[in-house]
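The values are calculated or read from the model by the stated rules, or taken from the named source; none is laboratory data. Since the structure is predicted, the reported quantities are computational estimates derived from the model, not experimental observations. Here the Cβ positions follow ideal geometry from the backbone for every residue, glycine too, while neighbour counts run over all protein chains shown. Just so you know, the surface numbers come from the protein's heavy atoms only, side chains and all, with ligands and any DNA or RNA stripped out. Shrake-Rupley method; radii C 1.70, N 1.55, O 1.52, S 1.80 Å.
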Amino acid sequence: MRIIRYLAQEGDIRFAAEQPDGRCFDVRGDIFKAFEVTGHESNMVKLLAPLEPRVILCIGLNYRKHAEETGAKIPEWPVLFLKSPNTLQNPGDPIVIPTKLRSNEVDYECELAVIIGRECKNVSKDQALEFVFGYTAANDVSARDWQKRFSGGQFCRGKSFDTFAPLGPAILTRDEIPNPNSLGIATRVNGKVRQSSNTSDMLFDVPTLVEFLSGSTTLYPGTVILTGTPEGVGMAMNPPQYLAPGDFVEIEIDKIGVLSNPVVAEE
Ligand code: MG
């Protein structure tokens, strides 16, 4: 099933199931417990990010060529950092380049986002995917100056500016993607391909990440795991090419679709 979240004409926020012909029907119930698709066609005012994450867990350096392009060592264990949930941004809404706490180095990162659907702790790799609700696309937007130079080695500041986590356009439930490590993944900026890879290139695959993360920490429904980005980030270009107001970023993942966001400067 393909699930979206939207603002309805009545002013409330709803989930809906998107059909192959593009029509959407409202969902009744809790998507993480029991729900059903109704016969009520959605009256959408605006498409929203497909969920409000409880927490956003991020894996760094999870593609070999990306680790190499940043000059980092290939990690022995998955590298974990967090993004604040208030970074969430909707498909189509702008990535805002901060000007008050200024950044001149805002970058894109296409990532497969895993959405946990059932509480789990200490799960094995073999069982891990049973706890996944589904998958969507993410842009792990990063202010490289605040990630690398101005924050004492802590990633969270440079990763947690408002609007730095566009998610969407839809959740594909896990039955639609039996193997999450076989998906083409790409970024385009102003129509030009910057990143183009496959999730099969992950150093630590999705089951391994769920096993690893749940090994220390209970994962609750609504946990979003960003699984790392492949090579081709703006920081690694020669010279580096960071995002600027007026740019248009598209993240595309097979089956999930295209997550598009314009770039603007903070007012
Ligand atoms: Mg990332």
Quiz prompt | Single unsatisfied condition, Lys255 versus (1) assigned to a loop (DSSP other than H, G, I, E, B); (2) over 22 Å from Ile3 (Cβ atoms); (3) open to solvent by 10 Å² or more (accessible area, probe 1.4 Å); (4) not β-branched (Val, Ile, Thr) | solution = (2)
Quiz item: Which number in (1) open to solvent by less than 10 Å² (accessible area, probe 1.4 Å); (2) within 13 Å of the chain's Cα centre (by Cα); (3) of a type outside the set (Gly, Ala, Ser) marks the one condition that Val132 misses?
Solution: (2)
Exercise. Report whether or not Thr229 is β-branched (Val, Ile, Thr), within 13 Å of the ligand (Cβ to nearest atom) and open to solvent by less than 10 Å² (accessible area, probe 1.4 Å).
Key: yes
Practice problem: Looking at (1) open to solvent by less than 40 Å² (accessible area, probe 1.4 Å); (2) of a type in the set (S, T, N, Q); (3) over 20 Å from Pro53 (Cβ atoms), find the lone condition where Asn198 falls short. | Solution: (1)
Exercise. State whether the residues of the range 169-178 include one that is assigned by TED's automatic domain parsing to the domain that holds Pro91, within 16 Å of the ligand (Cβ to nearest atom), within 24 Å of Ala49 (Cα to Cα) and touching a residue at least 24 places away in the same chain (Cβ under 8 Å).
Key: no
Quiz item: Which residue out of Arg118, Arg157, Arg149 is touching a Phe, Trp or Tyr at 6+ places or on another chain (Cβ under 9 Å), surrounded by fewer than 23 Cβ atoms within 10 Å (Cβ to Cβ), basic (Lys, Arg) and free of Cβ contacts under 8 Å to residues at least 40 places away in the same chain?
Solution: Arg157
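Give the residues of the range 107-128 that are assigned to a loop (DSSP other than H, G, I, E, B) and within 16 Å of the ligand (Cβ to nearest atom), sorted by residue number.
Applying the first criterion (assigned to a loop (DSSP other than H, G, I, E, B)) to the range 107-128 yields 108-109, 117-119, 121-127.
Result: Tyr108, Glu109.
Is one or more of the residues making up the range 61-83 basic (Lys, Arg) and modelled with pLDDT of 95 or more?
First, pick out the residues of the range 61-83 that are basic (Lys, Arg): 64-65, 73, 83.
Checking the rest, the ones that are also modelled with pLDDT of 95 or more come to 83.
The answer is yes; a qualifying residue exists.
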